[in-house]
Amino acid sequence: MGASFLSTVTSLVPLVAVPSSLNTATTVAIKYSTHAGAIRCIKIESEVNCGDGFHRRDILKCVGVSIGMELIASSGCFIETASAADLIQRRQRSVFLSNIKDTLYTAIKGNPELIPYIQTLALNDAMTYDKATKSGGPNGSIRFSSEISRPENKGLYAALNLIEEAKREIDSYSKGGPISFADLIQLAAQSATKATFLAAAIRKCGGNEEKGGLLYNAYGSNGQWGLFERQFGRADAQEPDPEGRVPVWEKASVQEMKDKFSAIGLGPRQLAVMSAFFGPDQLASESLLANDPQVSPWVQKYQRSRETVSQTDYEVDLITTMTKLSTLGQQINYEAYTYPVQKLDFGKLKL
């Protein structure tokens, strides 16, 4: 590798023409000839103000650009094609995800009372994960009647109905096949959680929605969702997950909650930050958790954070925990929802 690099540098340095005068702005031209179909030349304009010759960084910039171009040119048509296809697929998924968010935003805005139930739906779908057998997790199995009717899922029918209605709309405009319940349930929890963040910002602005929106956009957590959104391509389970894996949160003791979180690799910190997902009464959940000496410091930390303008500690930790929960045991297909692009027949174009 080193020998190849040095030989490349040696072959490229003579291409850099050093002008006779370096006291004024100088144009350095690097001409580069490659195989057919590749880049032919490049022109670099740089400001040079030194009396003794090029600065070392100027030489390195020129050589670095040339090396980069040679690597690109020598990579061949296969890599160029693969890169173009990858960019197209990323764009397709990005557009599709944006449309899904719009659909969910509208659905949740019209049914704000369902927000805590949507969050619990996503949590319970994920909490079926069993670390020992690598089974269960956020795989959409909660959609089956035998699972949604279990005691821990009591009261979640309306949230599931909202998901099903949104799915019908999303599938109607999807170009890359129907969206999985596994993906949609987790994305709905994201939208519901964002709605709570926005509502908190509006309250801080005395109920003014416009000012609240500006506050959330300025200080909110939109930029923290990147990893969560890349985990997009879960497959649906074809049968319900086994019973007995998810506590009835409203009846569970703190120790039972801690044991369940510990079983999937999470601790008191994550338990505290997820308190809003344990049912419609977050204050009741936090009051219960505050009685435990391991969980209480985190409960207090997040309560203080929610009182600040940015809520940074609370929002970042919640998004991080949601991201981990949303992928437990799942194989993500990063090509999901992509589709072949129709090729243009240039022979039929009339110029």
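Just so it is clear, none of the values below were taken in a lab; they were calculated from the coordinates. Just so you know, these numbers come straight off a predicted model, no measurement behind them. Glycine also receives a Cβ, built like all others from the backbone with ideal geometry; neighbour counts cover every protein chain displayed.
For the residue pair Gln224 and Asn291, what label-to-label distance in nm results when each label sits 7 Å from Cα along the Cα-to-beta-carbon direction?
2.9
Checking the table Lys167/Lys258; Lys101/Lys204; Lys211/Lys301 against a 31 Å threshold on Cα-Cα, which pairs fail? Before the final figure, lay out the partial values.
Details: Lys167/Lys258 34 Å; Lys101/Lys204 25 Å; Lys211/Lys301 26 Å.
Beyond 31 Å: Lys167/Lys258.
Before anything else, pin down the relative contact order of segment 123-247: Cα pairs under 8 Å, at least 6 apart, normalised by residue count, whole percent.
The normalised contact order for segment 123-247 reaches 34 percent.
If you average the sequence gap of Cα pairs under 8 Å that are 6 or more apart and divide by the length of segment 248-351, what percent do you get for the contact order?
20
For the ranges 195-208, 175-188, what's the packing order if you count other beta-carbon atoms within 10 Å of each residue, average per peptide, and put the highest first? Provide the component values of the computation, followed by the final result.
On the way: 195-208: 16.0, 175-188: 21.5.
Descending mean neighbour count gives 175-188, 195-208.
In nm, to one decimal, how far is the modelled label at Ser98 from the one at Tyr339, with both set 7 Å along Cα→Cβ?
Modelled inter-label distance: 1.7 nm.
What FRET efficiency comes out for Thr308 versus Glu250 if R0 is 25 angstrom and r is the Cβ-Cβ distance? Round to the nearest 0.05.
Working: r = 29 Å, r/R0 = 1.16.
After rounding, the FRET efficiency stands at 0.30.
So how much slack lies between Arg168 and Ser146, counting 0.36 nm per residue of separation and subtracting their Cα-Cα distance, in nm? Write out the running numbers ahead of the final one.
Numbers: separation 22, 0.36 × 22 = 7.92 nm, distance 2.18 nm.
Once the chain is fully extended between Arg168 and Ser146, it gains 5.7 nm.
Which order do peptides 313-320, 231-238 fall in by mean Cβ count within 10 Å, highest first? Let's see the in-between values first.
Numbers: 313-320: 20.0, 231-238: 18.2.
Packing proxy ranking, top to bottom: 313-320, 231-238.
Once you place label points 7 Å from the Cα toward the Cβ at Cys205 and Gln331, how far apart are they in nm?
Distance between label points: 4.6 nm.
Specify whether the C-alpha gyration tensor of segment 87-325 places it in the rounded, prolate or oblate class, a ≥ b ≥ c being the square roots of the eigenvalues: rounded for a/c under 1.5, otherwise prolate if a/b is larger than b/c and oblate if not.
Working: a/c = 1.61, a/b = 1.05, b/c = 1.54.
Because a/c hits 1.5 or more and a/b fails to exceed b/c, segment 87-325 counts as oblate.
Could you state the number of Å between the C-alpha centres of segment 198-246 and segment 97-142?
Here the two parts' Cα centres lie 11 Å apart.
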